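Worksheet: the structure to be examined is printed underneath.
The values are calculated or read from the model by the stated rules, or taken from the named source; none is laboratory data. Please read these numbers as outputs of a predicted model, since none were measured by experiment. Using ideal geometry, Cβ is built from the backbone for each residue, glycine included, and neighbour counts are taken over all protein chains shown.
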Amino acid sequence: MLHSTPGRYYTEHSMSDSPILRIAIPSPLRRSFDYLPPTQGGTSLQPGVRVKVPFGKRTVIGILLELAAESTIPARRLKRIIEVLDKEPVLPPDLLNLLIWGSRYYHHPVGEVVMGALPLLLREGRLNRLANNHIWQLTGVGRTISARELSRAPRQKALLSILDNQPEGLHSRQISQQYKNWQPIMKKLEEKGWVRRIESPFLPVRMDPLSSKAEQRPTLNQAQQTAVNSLLESTGRFSVSLLDGVTGSGKTEVYLQIIEQVISSGRQAIVLVPEIGLTPQLLNRFLRRFSQPVALLHSSLSSQERLAAWLASGCGEAAVIIGTRSALFTPVKNLGVIIVDEEHDTSFKQQDGFRYSARDMAVIRARNAGVPIVLGSATPSLESLYNAQQKRYLHLSLPERAGGAQPPTFRLLDLRRQPLQEGLSPQLLGIMEQHLQSEGQILLFLNRRGFAPTLLCHECGWVGRCRRCDTHLTFHQQERRLRCHHCGSERPVDPRCPDCGSVDLRALGTGTERIEQALQQHFPAVGIARLDRDSTRRKGSMQTMLNEIQQGHKRILIGTQMLAKGHHFPNVTLVGILDTDQGLFSADFRASERMSQLITQVAGRAGRAEKPGLVVIQTHHPEHPLLQQLITHGYQQFANSALKERQEAELPPYSSIALLRAEATAAETPLDFLRQALQTAGQFNSGEVFLLGPVPAPMERRAGRYRAQLLLQSTSRSALHRLLDQWTPQLETLKSGRKVRWSLDVDPVDLF
Ligand code: ADP
Ligand code: ZN
Ligand code: ZN
């Protein structure tokens, strides 16, 4: 299956019944590796267990993929497995199959895919359970012990009394939260027969402490009810539903009610969200609603916590698993539904290493498990809309805002010939003034952080450029630094031009920091919050700022696309989009889709409650058809005409694409490799796949490396994949490939 080596050896060994173990090992090679069983046992092993094997000069941990009768390698050259680490698979069959599917579809080495899915502690070979992991309960005798008997052992008494209030017992981790060094004392109680311990699968990362008073659910409106009914009809079998609901239409409420049904029948739900740190409100709603354990999986968990969440999910203890893209690879005992919120969000596609789409693989997981999946968005991707048009997905619409909030009004502000104050037009400042007077909150959106994207010498024309990338350095005024947003390199700002020595250095263009400063001068009495990657770097700073916004201490919020994601600011009455023109003229065919999604999502932050909202868009191109269509007819209409354009140009979703990227320290090396790759493809191409390039990447040099790419496109997905299946093994053998770093991106979301 995963073998690329042609021809098989039939050796004396294959005659015996001793099987071959096919192992996934983290290595850049697109194949598995064959081993002999350990000297003792090993023939009844289940796929998905971890094994320790010799690999080159090292000992590594891998995963057993399958048992085979024969190998393409002669038996005398096969090595033995050193040790089997698990009795039960750490990757249950459904998850293992999903990962194998992913490694084939995305043409990524199976070992990296499979091992990459494991929590770090399991990857390192630790036990597949947590230490100190018991539930402690009072025994019958323990219950009869009166406080008097323990008057001289206050700590024993304390432990007994906290257990006395908990008929179900307390988890060791819960006890640790209240007491230090309690274990020896508990041990004494155990020896006396007053308490007992029960091996617990595990306590999830977070349980709702207020679970007893679960939140009241609102009565659904007609559209929500229709969506819920339709989804409930499909429980217990595979279906994909696109929940296409304008911002604030109550999609989350639909998820909640579906999940409630699913968990009441003893099944579990996976909920994928784009960025967990950015959606605390969503999480709180889940935690408030369900009285059952919710496991959270996100990047700032400790490795213990991650393993805990993984185990809680795998043993069925966590009813809901919420997480970002990689949470899809969590074992789930009894899956009932998968929900992908904001399914259009590009963060569901991993942009390096194993370049999978969590949304697309979630559909595969749901199909394999025979359960429904819901893809929700106010601005569905063109791919999903297309699938809905093709009737592959069920299209459920929530056309109106729930709870009576009105849709916002749009207004285009023509920037031409306007005197701009740091990127803000006089009209916009005037409108802001009005909204501030009538107690509204204002949200300004600019997708550029820092003070200014360029620093220029007015004397000689010098501009600060990154030494390692083909790009300008962004000027960060507060820290007096120049920073590259592509490779992260940075340096302090010189007071003088490095070329001519002039002190007349000027910041060109506008970033969020500069807007913040301009607004502080213009509205000195108003609280202003800036939300971008710089201002939220410190842990907790995001939450602090969100709280200040909720409490009304900050009335003007300025931010990057972080602001577009899922926050609920009920008092925002004005949304200003400061610069749309970048998105109107881009080489990427998805730029207009992205921009429309962004405008619609940002606009969705206005007037979410009783107060009506106004969305003001600053542009030099007010007559641009895309903008016109979007603001007069909405995202749906935009999407329809964008789909027509894609169809005419045979672009996705009307074709499938893959991108072969290569990079190296010399400019010609990646192009050489790609030319050879192109030539190699010829022998496998039935003529149905177009190969375009190779060409240098749009930003050729990044972090000191030159980058080039070769695009493959076909109106037949299967033709493209037939070619990739035969081609990628050959790429590994190309000599020119050794001098470059190359990667294949199947269904890329951007072509850079
Ligand atoms: P979305 O996920 O589509 O943005 P939400 O589910 O967050 O929408 O709903 C937006 C707001 O409307 C929330 O404050 C939510 O509590 C409220 N809401 C949702 N459904 C209803 C309903 N049926 N009746 C009243 N309020 C609702
Ligand atoms: Zn100069
Ligand atoms: Zn750089």
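Determine, yes or no, whether Ile81 is surrounded by 15 or more Cβ atoms within 10 Å (Cβ to Cβ) and either closer than 30 Å to Asp745 by Cβ or out of contact with any strand residue (DSSP E or B) (no Cβ under 7 Å at 6 or more places or on another chain) (or both). When the stated conditions are applied, Ile81 does not pass them. Within the set Thr680, Thr665, Thr669, the sole residue that is under 30 Å from Asp470 (Cβ atoms), surrounded by 18 or more Cβ atoms within 10 Å (Cβ to Cβ) and not hydrophobic (A, V, I, L, M, F, W, C) turns out to be Thr669. Within region 677-702, take every residue that is within 29 Å of the chain's Cα centre (by Cα) and closer than 26 Å to Gln647 by Cα and give me the one that is modelled with the lowest pLDDT. It comes out as Pro698.
Could you list all residues from region 252-266 that are within 14 Å of ligand 1 (Cβ to nearest atom) and either within 22 Å of the chain's Cα centre (by Cα) or assigned to a loop (DSSP other than H, G, I, E, B) (or both)? Selection gives Thr252, Glu253, Val254, Tyr255, Leu256, Ile259. Restricting attention to region 712-752, the residues being outside any loop (DSSP other than H, G, I, E, B) and among the β-branched types (Val, Ile, Thr) number 3.
Quick one: would you say Gly48 is at pLDDT below 90 and on the phi > 0 side of the Ramachandran plot?
So Gly48 does not fit the description; no.
Yes/no matrix, rows are residues, columns are (1) within 16 Å of ligand 1 (Cβ to nearest atom); (2) closer than 14 Å to Arg675 by Cβ; (3) more than 28 Å from the chain's Cα centre (by Cα):
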| position | (1), (2), (3) |
| --- | --- |
| Gly704 | no, no, no |
| Gln709 | no, yes, no |
| Gln713 | no, no, no |
| Ser718 | no, no, no |
| His721 | no, no, no |
| Leu724 | no, no, no |
| Thr728 | no, no, no |
| Gly737 | no, yes, yes |
| Val746 | no, no, no |
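For the residues Leu231, Leu220, the requirement of being out of contact with any Ser or Thr (no Cβ under 7 Å at 6 or more places or on another chain), modelled with pLDDT of 85 or more and aliphatic (A, V, I, L, M) singles out Leu220. Condition check: surrounded by fewer than 21 Cβ atoms within 10 Å (Cβ to Cβ) and outside any loop (DSSP other than H, G, I, E, B). Does Gln418 satisfy that? No: the conditions fail for Gln418. Got at least one residue in region 431-451 being surrounded by fewer than 19 Cβ atoms within 10 Å (Cβ to Cβ), outside any loop (DSSP other than H, G, I, E, B), within 16 Å of ligand 2 (Cβ to nearest atom) and among the β-branched types (Val, Ile, Thr)? Looking through region 431-451, none of the residues is surrounded by fewer than 19 Cβ atoms within 10 Å (Cβ to Cβ), outside any loop (DSSP other than H, G, I, E, B), within 16 Å of ligand 2 (Cβ to nearest atom) and among the β-branched types (Val, Ile, Thr). Of Gly511, Gly501, Gly552, Gly540, all but one fail to be on the phi > 0 side of the Ramachandran plot, under 30 Å from the mean Cα position of the chain (by Cα) and away from ligand 1 (no atom under 16 Å from the Cβ); the exception is Gly540. So is Gly248 assigned to a loop (DSSP other than H, G, I, E, B) and modelled with pLDDT of 90 or more or not? The answer is no for Gly248. Where strands (runs of 3 or more DSSP E) fall wholly inside region 465-553, the ranges with 1 or more residues that are without any contact (Cβ under 8 Å) to a residue 60 or more places away in the chain, over 16 Å from Ile442 (Cα atoms) and within 16 Å of ligand 3 (Cβ to nearest atom) are 474-476, 481-483, 490-492. Put simply, of Leu311, Leu301 the only residue that is away from ligand 3 (no atom under 16 Å from the Cβ) and assigned to a loop (DSSP other than H, G, I, E, B) is Leu301. For region 30-78, which residues satisfy the criterion of being acidic (Asp, Glu) and under 19 Å from Pro89 (Cα atoms)? Hits for region 30-78 are Asp34, Glu66.
For region 608-644, filtered to residues that are in contact with a Pro (Cβ under 7 Å, 6 or more places away or on another chain) and closer than 12 Å to Phe410 by Cβ, the residue that is surrounded by the fewest Cβ atoms within 10 Å (Cβ to Cβ) is Leu614. Restricting the search to helices (runs of 4 or more DSSP H) fully inside region 623-709 and requiring at least 1 residues that are closer than 30 Å to Val246 by Cβ gives 625-633, 635-648.
Within region 556-584, being assigned to a loop (DSSP other than H, G, I, E, B), surrounded by 17 or more Cβ atoms within 10 Å (Cβ to Cβ) and at pLDDT 75 or above holds for Thr560, Phe569, Asn571, Leu578, Asp579, Thr580. Please find, among Ala587, Ala525, Ala507, Ala518, the residue that is more than 16 Å from ligand 2 (Cβ to nearest atom), surrounded by 14 or more Cβ atoms within 10 Å (Cβ to Cβ) and of a type in the set (A, V, I, L, M, F, W, C). Residue meeting the stated conditions: Ala518. When you look at Leu398, is it of a type in the set (A, V, I, L, M), surrounded by 19 or more Cβ atoms within 10 Å (Cβ to Cβ) and more than 16 Å from ligand 3 (Cβ to nearest atom), yes or no? Considered against the rule, which asks whether it is of a type in the set (A, V, I, L, M), surrounded by 19 or more Cβ atoms within 10 Å (Cβ to Cβ) and more than 16 Å from ligand 3 (Cβ to nearest atom), Leu398 comes out as yes.
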